[in-house]
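All remarks here apply to the structure that follows.
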Amino acid sequence: MTRLRFAALALAMLPCLWLGACKPATPADNSTPKTDTVALLDGEPLSRTLLDEIARQYAGSANPFDAPASAPSAAASAGSAPAASRQRLLDELVDIELLARKARERGLDKQPAFIAENELQTKTLLAQAMVREQIAGLTVTDAELAAAYEERVPPHQFKLAHILVAEQATALAVLEQLKQGRPFAELAKRYSIDADNRHRGGSLGTMLIDQLPLEMAAAVRHLKPGEHAAQPVQTPQGWHVMQLQGLEPLPQRATLDTARAWLHPQIVHAKVDAQQKQWRREAKVQLTESP
């Protein structure tokens, strides 16, 4: 739930702060130019832009990583809302403005906690705007989609096994024993902390590549049956030593057009992440004290 919607629920429990229905201000004459003002509160203008933003918050926002699709703008969706809905939104805008005025009168906007929260929210919104700016400048070509399809939507399922341990050092020791020829199933029974499958030699059964965490998928995607990953894979559960036991043909492989729905966001996300990591590498971060 967004902060704005939470505020709306809280406001619904308050006594009515605005007597009567809000009515758009009537211009003094027909020569008055149209502005961003949607109403007047004690003679002060209320912004149509803010009203449209409330409408956008309630309508929800599309995932910016998804493939481009035609969608109405916030202003368009707000403007096309039924009159009764816009009236409720305007009432909410009035209530928010009244409460904000009262908070300023009491000096709440000068309190250190509020100043810190306000700064954090502003920077968070700026960060989100920067991500949208990044995405707007990106293109995903048909060639990139086709390559990702071949890489991430293989025509077979993976029969996998793993040895799950708590420490990286233990995982590396298991890998060393595998290099010396020790059977994978034997080591799984001895070392794995996954009680559900260690007695089966660590078998995870047959899985689609997109059912795996990204780290695991990357580790096993190019293995041949019988091979194990050269490095352990870390997940929140611990450290995994992965083995590909076999490949089974898929009864029906997703088409490229179908896979586009999840491949496009993955490609965009990877590009955005790479750019942000580059910015982080270029930044000079110096701690003045322990965080």
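Checking the conditions here, which among GLN134, GLN128, GLN168, GLN121 is more than 24 Å from the chain's Cα centre (by Cα) and not aliphatic (A, V, I, L, M)?
One residue alone meets the criteria, GLN168.
For segment 138-190, give me each residue that is within 30 Å of VAL272 (Cα to Cα), not hydrophobic (A, V, I, L, M, F, W, C) and not in a helix (DSSP H, G or I).
THR139, THR141, PRO154, PRO155, HIS156, GLN157
Test GLU117 against the stated conditions and say whether it is of a type in the set (Asp, Glu) and surrounded by fewer than 18 Cβ atoms within 10 Å (Cβ to Cβ).
yes
Where residues in segment 221-242 are at pLDDT 95 or above and not in a loop (DSSP other than H, G, I, E, B), which of them is surrounded by the fewest Cβ atoms within 10 Å (Cβ to Cβ)?
Filtering first and then ranking leaves GLN234.
Looking at ALA84, ALA25, ALA55, ALA39, can you tell me which residue is farther than 30 Å from GLU133 by Cα, in contact with a Leu (Cβ under 7 Å, 6 or more places away or on another chain) and modelled with pLDDT of 55 or more?
Result of the check over ALA84, ALA25, ALA55, ALA39: ALA39.
Which numbered condition trips up ASP273, out of (1) surrounded by fewer than 14 Cβ atoms within 10 Å (Cβ to Cβ); (2) over 24 Å from the mean Cα position of the chain (by Cα)?
For ASP273, the failing item is (2).
Working only within segment 186-196, note down all residues that are surrounded by fewer than 19 Cβ atoms within 10 Å (Cβ to Cβ) and either among the aliphatic types (A, V, I, L, M) or at pLDDT below 95 (or both).
Result: ILE193, ALA195, ASP196.
What are the residues in segment 58-71 that are in a loop (DSSP other than H, G, I, E, B) and either at pLDDT 60 or above or polar (S, T, N, Q) (or both), if any?
Selection gives GLY60, SER61, ALA62, ASN63, PRO64, PHE65, ASP66, ALA67, PRO68, ALA69, SER70.
Can you tell which of GLN278, GLN245, GLN266, GLN286 is in a loop (DSSP other than H, G, I, E, B) and either surrounded by 11 or more Cβ atoms within 10 Å (Cβ to Cβ) or out of contact with any strand residue (DSSP E or B) (no Cβ under 9 Å at 6 or more places or on another chain) (or both)?
Answer to the check: GLN286.
Would you please list the contacts, defined by Cβ atoms under 6 Å and residues six or more apart or on different chains, that run from a residue in segment 113-138 that is basic (Lys, Arg) to a residue that is surrounded by 10 or more Cβ atoms within 10 Å (Cβ to Cβ)?
Within 6 Å, the pairs are ARG132/PRO64.
Taking the criterion of being over 16 Å from PRO154 (Cα atoms) and either of a type in the set (Phe, Trp, Tyr) or surrounded by 12 or more Cβ atoms within 10 Å (Cβ to Cβ) (or both), would at least one residue in segment 248-262 satisfy it?
Scanning segment 248-262, I find no residue that is over 16 Å from PRO154 (Cα atoms) and either of a type in the set (Phe, Trp, Tyr) or surrounded by 12 or more Cβ atoms within 10 Å (Cβ to Cβ) (or both), so the answer is no.
If I filter segment 88-107 for residues that are at pLDDT below 95, basic (Lys, Arg), surrounded by 12 or more Cβ atoms within 10 Å (Cβ to Cβ) and closer than 30 Å to VAL140 by Cβ, do I get at least one hit?
Looking through segment 88-107, none of the residues is at pLDDT below 95, basic (Lys, Arg), surrounded by 12 or more Cβ atoms within 10 Å (Cβ to Cβ) and closer than 30 Å to VAL140 by Cβ.
The values are calculated or read from the model by the stated rules, or taken from the named source; none is laboratory data. Model, not experiment: these values are computed from the prediction. Positions of Cβ are backbone-derived with ideal geometry, glycine not excepted, and every protein chain shown enters the neighbour counts.
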